[in-house]
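**Q** The structure under discussion is supplied below as C-alpha cells; questions concerning it will follow.
The values are calculated or read from the model by the stated rules, or taken from the named source; none is laboratory data. Note that the structure is predicted; figures quoted are calculated from it, not measured. Remember, those area values only see protein heavy atoms, side chains included, never the ligands or the DNA or RNA. Shrake-Rupley method; radii C 1.70, N 1.55, O 1.52, S 1.80 Å.
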Amino acid sequence: MNQVAVEPANQRELEFTDRDFQRIRALIAERAGIVLAEHKRDMVYSRLGRCVRNRGLRRFSDYLKWLIDGSEQEAWQEFVNALTTNLTAFFRESHHFDLLVSHIKDRRDPVRIWSAGASTGEEPYSIAMALGEALPTLAKLEIFASDIDSEALARARSGIYSLEQVRRQVSDERMRRCFLKGSGRRSGYVRVRPELARQVRFERLNLIGQHWPVQGRFDAIFCRNVMIYFDRDTHTRLLERFARLLKKDGLLFVGHSENFTNITQSFRLRGQTVYTLA
C-alpha cells in the first residue's frame, strides 16, 4: 500500500493550489476512472509530490504542464501508479476462497479465473494455492491477473514477499508446499514456487479502457475493492462487460463494502459479496 505522510498545508515546500487538485482529479478520472474525493488532497500532495521533486520542480502546476505537454507514456504511468492504492493480503476475505474451491472442485474441463485488480500478487497466488489443492493437476488451471499499476505488477511477477508477512496469512503447510525460503542476503524473504507461479499470467490492464486483452470465458472473476474508486456509471459498464466474460454458472467476487444489487440486472446476489449471472 502506498504510504501517505501528511505535511501541513501551511508548511508545504511545493506550491499546490486548489486548481492543481481539481486538474489532478479530472486527469486521474479520465486516465483510470478513479474518483478522488475532496478529502484526498493531502494524499495527492504526498504521493504526487515525489513526482514533482523528481523533475526538479517546485510547483504542481509546472509538473502538470510538463505531464500534459510531454505526453510521455512512462510519465503518465508514473502519475497513475502514484495515485493507485494497493491494499491486499494473502487469503483476504477467506470465505471467497472456500466458495471458489467448492464451486470448481469437481470440474473436468480446464478452470479459468481472472483476478482483475491483482495489485502485488497476493490475490492471484492465493487463488492458485487454493485451487492447486482442489484440482487433480495444475495443468487444468489458468489464472489471468491484471492491474493498472505497473510497479505493483512488477512486484507481483517477482513472487517475492517478506517471510513475516506470509506467515501471518498462510498456514505452515501451505508455506512448505508453495514457497521457497531465501538464504543469505535474501534471508527473511520467500518466493512463490515456480510450478505455482507458472499458473498465473500477469498483464497490465486499464478496466476503463476500450480494449481488454482477454479471450474466452471465466469460471470466476475477482474484482474486489476496485470499483469503490469508480462512479456509478462506470460500475454499470464494468458489470455488463464482466457478465459477457463469465461462463453460464460463473461467479463474480467483489469487496466487503461493495454492493451492486441495485445497479445491474445482469447479476444476482448469491452469497456474501458473491454474485452469479441473473
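**Q** What are the residues whose amide H is under 5 Å from the amide H of Asp149, where those residues sit 5 or more places off or on another chain and H is modelled from the backbone?
**A** none
**Q** Another one. For the stretch 121-133, just list the computed ³J(HN,Hα) in residue order, Karplus coefficients 6.51, -1.76 and 1.60, θ = phi - 60°, integers in Hz, with x standing in for Gly and Pro.
**A** x, 4, 5, x, 5, 5, 4, 4, 5, 5, 6, x, 7
**Q** Most mobile of Asn259, Asn54, Asn225 per a Gaussian network model of the chain (Cα springs, under 10 Å)?
**A** Residue with maximal mean-square fluctuation among Asn259, Asn54, Asn225: Asn54.
**Q** State log₁₀ I(q)/I(0) for the stretch 1-142 at q = 0.10, 0.21, 0.22 Å⁻¹ as given by the Debye formula over alpha-carbon point scatterers of equal weight, solvent excluded.
**A** Here log10 of I(q) over I(0) equals -0.51, -1.21, -1.31.
**Q** Sticking with this structure for a sec: Where does helix 73-82 land angle-wise versus the long Cα axis of the chain, in degrees 0 to 90, nearest 10?
**A** Helix 73-82 and the main axis of the chain meet at about 80 degrees.
**Q** Please list, in chain and number order, the residues 5+ apart from Leu246 or on another chain whose amide H is under 5 Å from its amide H, with Hs placed from the backbone.
**A** Phe218
**Q** State whether the stretch 83-127 is rounded, prolate or oblate according to the following rule on the C-alpha gyration tensor (a ≥ b ≥ c being the square roots of its eigenvalues): a/c under 1.5 gives rounded; otherwise a/b larger than b/c gives prolate, and the remaining case gives oblate.
**A** prolate
**Q** Related question: On a 0 to 90° scale, report how tilted helix 95-104 is relative to the longest principal axis of the chain, with both axes built from alpha carbons and the result rounded to the nearest 10.
**A** Around 50 degrees separate the two axes.
**Q** I've got another one for you. Highest GNM mean-square fluctuation, the chain, Cα pairs closer than 10 Å: which of Leu57, Leu48, Leu196?
**A** Leu57
**Q** Ignoring everything except DSSP H segments at least 4 long, calculate the 222 nm mean residue ellipticity for the chain; use -39,500 (n - 2.57) per segment, divide by total residues, nearest 500.
**A** -12000 deg cm²/dmol
**Q** What list of ³J(HN,Hα) couplings, whole Hz, do you get for the stretch 257-273 from phi and the Karplus terms 6.51, -1.76, 1.60, once you set θ to phi - 60° and write x for glycine and proline?
**A** For the stretch 257-273, the Karplus curve yields 9, 9, 9, 10, 4, 9, 9, 9, 9, 7, 10, 10, 6, 9, x, 4, 6 Hz.
**Q** Enumerate the amide H contacts of Phe222 below 5 Å, restricted to partners 5 or more residues apart or on another chain; note that Pro and chain-start residues carry no placed amide H.
**A** Placed amide hydrogens put Trp114, Ser115, Ala116, Phe253 under 5 Å from Phe222.
**Q** Also, I was wondering about something else. Sort the stretch 113-192 into rounded, prolate or oblate with this rule: let a ≥ b ≥ c be the square roots of the eigenvalues of the Cα gyration tensor; rounded if a/c is under 1.5, and if a/c is not under 1.5, prolate when a/b is larger than b/c, oblate otherwise.
**A** Oblate, because a/c is 1.5 or more while a/b does not exceed b/c.
**Q** Related question: Would you mind calculating the relative contact order of the chain from Cα pairs under 8 angstrom and at least 6 residues apart, reporting the percent as a whole number?
**A** Once normalised by length, the contact order is 16 percent.
**Q** Select from Val52, Val226, Val111 the residue whose mean-square fluctuation is largest in a Gaussian network model of the chain (Cα-Cα springs shorter than 10 Å).
**A** Val52
**Q** Between helix 18-32 and the chain, what is the angle of the helix's C-alpha long axis to the longest principal axis, kept within 0 to 90° and rounded to the nearest 10?
**A** Long axis of 18-32 versus the principal axis of the chain: about 30 degrees.
**Q** Just reorder Trp66, Trp114 by solvent-accessible area, largest first, 1.4 Å probe, all chains present.
**A** Most to least solvent-accessible, the answer reads Trp66, Trp114.
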